[in-house]
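The values are calculated or read from the model by the stated rules, or taken from the named source; none is laboratory data. Treat the numbers as computed from the prediction; the structure is a model and nothing was measured. Cβ: placed from backbone, ideal geometry, glycine included. Neighbour counts: every protein chain shown. To get the accessible areas, we keep the full protein, side chains included, count just its heavy atoms, and leave off ligands, DNA and RNA. Shrake-Rupley method; radii C 1.70, N 1.55, O 1.52, S 1.80 Å.
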Amino acid sequence: MNLAYVTTQARGATDRLLSAVAERLEAEGVRLAGVVQTNTECADNAHCDMDLRVMPTGEVIRISQSLGAGARGCRLDPGELERAVGLVMGALGNGPDLLIVNKFGKHEADGRGFRPLIAEALAQDIPVLLGVNGLNEEKFLDFTEGAAEKLEPEIDRLVQWMRRVLAERSQAA
């Protein structure tokens, strides 16, 4: 099983890192499935708009919703998140080289969101690379039964991991 994750501390750093890794791997011809996130600051408040780019199609899905001024609840739009999950699930049938998931977040920690898709990819022997926030790292490690490899949050390190995985899979074939 090839499963790796990265955790960063700065706000939005994991999203930027995984987006950069996806761009580099796509440029090298690696067939990707999954999602990477872009955050756009909103001028009127401290929140940001969260958009997922679905790979390989490039479709962009806004997964944040405006709850109005003063709202304190979770801004995630679970319906749009599940729509993204469905699109990526369809892409698994095309035999991608790698599944990238922007975050193992609260939904995944609770058994929803991308969690079933991650399990399906691993069952199909598709390598998985994802971001995990510190709040959910323990639940992620429980889910993976400790089988996930934690990587340094550096573009070159993540790309090297993928190249190693591709080389091992090629030798095994």
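Any idea how many residues of segment 81-137 are open to solvent by 50 Å² or more (accessible area, probe 1.4 Å) and not in a helix (DSSP H, G or I)? Residues flagged as open to solvent by 50 Å² or more (accessible area, probe 1.4 Å) and not in a helix (DSSP H, G or I) within segment 81-137 amount to 7. Would you be able to tell me the number of residues in segment 1-25 that are under 15 Å from the mean Cα position of the chain (by Cα) and either farther than 15 Å from ARG163 by Cα or open to solvent by 10 Å² or more (accessible area, probe 1.4 Å) (or both)? Total meeting the criteria: 15. Residues in segment 138-148 that are in contact (Cβ under 8 Å) with a residue 40 or more places away in the chain and exposed (fewer than 13 other Cβ atoms within 10 Å of the Cβ): ALA147 alone. Only residues that are open to solvent by 60 Å² or more (accessible area, probe 1.4 Å), of a type outside the set (Lys, Arg) and outside any loop (DSSP other than H, G, I, E, B) were counted across segment 149-166, and they come to 3.
For ASP125, state whether it is among the charged types (D, E, K, R) and either more than 15 Å from VAL6 (Cβ to Cβ) or within 15 Å of the chain's Cα centre (by Cα) (or both). Criteria met by ASP125.
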